[in-house]
Amino acid sequence: MFTTALAQRGKTEQGDLPLDLFTAIETLKKELNAVILAHYYQEPDIQDIADFIGDSLQLAKAAAHTNADVIVFAGVHFMAETAKILNRDKMVLLPDLNAGCSLADSCPPEAFAAFKAAHPDHLVVSYINCSADIKAMSDIICTSSNAVKIVEQIPKDQPIIFAPDRNLGRYVMEKTGRDLVLWEGSCVVHETFSEKKIVQLKMAYPQAEAIAHPECETSVLRHASFIGSTAALLNYCEQSPSQEFIVATEPGIIHQMQKRAPHKRFIPAPPLNNCACNECPFMRLNTLEKLYWAMKNRAPEISLPENIREAALRPIQRMLEMSA
Ligand code: 13P
Ligand code: SF4
């Protein structure tokens with residue numbers, strides 16, 4: 001079942017690791033009444049042990065509905081923080097507290113407060129990839145799977161600030177025909193894809209369909225026959241009659257694509273240089289070992305000031321209502 005049957009385990013700074021990490025994690029899960037939620041960009045072993053794998057919207061919904069006492073979030077900080085915002089009284093664990101997000105970091109709260117103050121009549125729609133402080137300053141949260149749907153529900157004469165991803169913002173502008181005031185943030189991973197290399201790949205694999213996440217730049221999106229969130233990309237690959245796909249998003253998703261469509265070929269879109277920078281360095285900080293230690297030690301735990309949590313909860317609830 002698991003990608004690495006019994007991965008090589010040994011001593012760590014925290015002590016001895018059990019020989020069978022998968023069984024040890026399952027045991028801890030029962031002891032803690034925990035649920036493991038994982039994003040599609042996590043390493044294969046983590047995806048395989050998770051109780052639920054999803055895109056940002058699916059994970060937020062799963063966090064909102066779980067009966068578990070402890071949520072172990074295998075993703076990045078803003079995702080675990082969202083789970084905590086939705087669950088004041090539950091323990092939320094993140095295997096590595098340094099698993100941040102360049103996009104969330106590109107929108108510091110003080111600068112955003114000044115930006116918002118400069119547009120006092122604007123409604124603030126923020127992509128879920130932002131800190132709790134930014135969510136607390138927002139009117140509605142969205143994800144890559146519902147951003148278009150949410151903006152379409154806002155009256156046409158209502159001016160809107162869209163933050164923090166300028167690429168998703170531009171994509172929403174194109175889809176809705178709305179003029180949005182964009183915060184100039186971006187994701188290091190999705191901005192690394194090279195238009196030139198995608199064109200070269202399309203020439204090398206003429207039958208392959210290029211598919212892309214809307215966090216990519218317009219120059220890359222224009223070569224994609226389908227654009228969507230990670231969950232949407234996954235569904236598309238499964239249902240499309242095509243047998244080959246060039247995938248312009250974090251390649252962690254290919255693990256699920258390959259599972260759902262084992263006979264199809266998935267080619268990760270190459271970055272500009274011959275680096276591994278199409279892998280999210282933050283998502284990849286989480287490992288199965290760190291997940292085990294987080295459950296064993298009940299740490300690192302996400303905590304938030306209650307006033308920020310309450311203020312950040314309202315725009316998330318609006319998103320959940322508007323995308324029901
Ligand atoms: P989705 O989960 O909405 O596809 O977004 C991808 C992403 O970059 C998460 O950080
Ligand atoms: Fe953030 Fe980009 Fe990593 Fe997603 S892929 S967590 S947006 S840095």
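The values are calculated or read from the model by the stated rules, or taken from the named source; none is laboratory data. Everything numeric here is computed off the predicted structure, so don't read it as measured data. Using ideal geometry, Cβ is built from the backbone for each residue, glycine included, and neighbour counts are taken over all protein chains shown. Surface accessibility is based on the protein's heavy atoms, side chains included, excluding ligands, DNA and RNA. Shrake-Rupley method; radii C 1.70, N 1.55, O 1.52, S 1.80 Å.
What to note about this one:
- When residues of segment 98-116 are limited to those that are open to solvent by 50 Å² or more (accessible area, probe 1.4 Å) and part of a loop (DSSP other than H, G, I, E, B), the one nearest to residue 182 (Cα to Cα): 108
- Matching residues, segment 146-168, being assigned to a helix (DSSP H, G or I) and either within 21 Å of residue 324 (Cβ to Cβ) or in contact (Cβ under 8 Å) with a residue 40 or more places away in the chain (or both): 147, 148, 149, 150, 151, 152, 167, 168
- Residues in segment 33-66 that are more than 16 Å from ligand 1 (Cβ to nearest atom) and not β-branched (Val, Ile, Thr) were compared, and the one that is most open to solvent (accessible area, probe 1.4 Å) is 65.
- Residue within segment 157-175 that is of a type in the set (Lys, Arg), surrounded by fewer than 22 Cβ atoms within 10 Å (Cβ to Cβ), under 29 Å from residue 243 (Cα atoms) and modelled with pLDDT under 95 present: no
- Evaluated against (1) away from ligand 2 (no atom under 16 Å from the Cβ); (2) surrounded by 17 or more Cβ atoms within 10 Å (Cβ to Cβ); (3) not aliphatic (A, V, I, L, M), residue 119 falls short on exactly one condition, (2).
- Test set (1) open to solvent by 20 Å² or more (accessible area, probe 1.4 Å); (2) within 24 Å of residue 284 (Cα to Cα); (3) under 19 Å from the mean Cα position of the chain (by Cα) - residue 236 fails condition number: (2)
- Test for residue 160: is it closer than 22 Å to residue 83 by Cα and touching a helix residue (DSSP H, G or I) at 6+ places or on another chain (Cβ under 8 Å): no
- Some residue of segment 290-300 being within 16 Å of ligand 2 (Cβ to nearest atom) and surrounded by 19 or more Cβ atoms within 10 Å (Cβ to Cβ): no
- Subset of segment 195-216 that is open to solvent by less than 30 Å² (accessible area, probe 1.4 Å) and β-branched (Val, Ile, Thr) - its residue that is modelled with the highest pLDDT: 211
- Test for residue 255: is it part of a loop (DSSP other than H, G, I, E, B), open to solvent by 20 Å² or more (accessible area, probe 1.4 Å) and either within 16 Å of ligand 2 (Cβ to nearest atom) or not basic (Lys, Arg) (or both): no
- One residue stands out in segment 67-89 among those that are within 16 Å of ligand 2 (Cβ to nearest atom) and part of a helix (DSSP H, G or I): the one that is most open to solvent (accessible area, probe 1.4 Å), namely 77.
- Residue within segment 217-231 that is open to solvent by 10 Å² or more (accessible area, probe 1.4 Å), closer than 18 Å to residue 256 by Cβ, of a type in the set (Asp, Glu) and modelled with pLDDT of 95 or more present: no
- Flag for residue 267 being closer than 30 Å to residue 153 by Cα, in contact (Cβ under 8 Å) with a residue 60 or more places away in the chain and β-branched (Val, Ile, Thr): no
- Scope segment 237-252; condition within 16 Å of ligand 2 (Cβ to nearest atom) and either in contact with a strand residue (DSSP E or B) (Cβ under 8 Å, 6 or more places away or on another chain) or assigned to a helix (DSSP H, G or I) (or both); matching residues: 247, 248, 249, 251, 252
- One residue alone among 132, 104, 38 is at pLDDT 95 or above, over 16 Å from residue 285 (Cβ atoms) and among the small types (Gly, Ala, Ser), and that residue is 132.
- Residue 138 vs. criteria open to solvent by less than 50 Å² (accessible area, probe 1.4 Å), closer than 28 Å to residue 308 by Cα and within 16 Å of ligand 2 (Cβ to nearest atom): no
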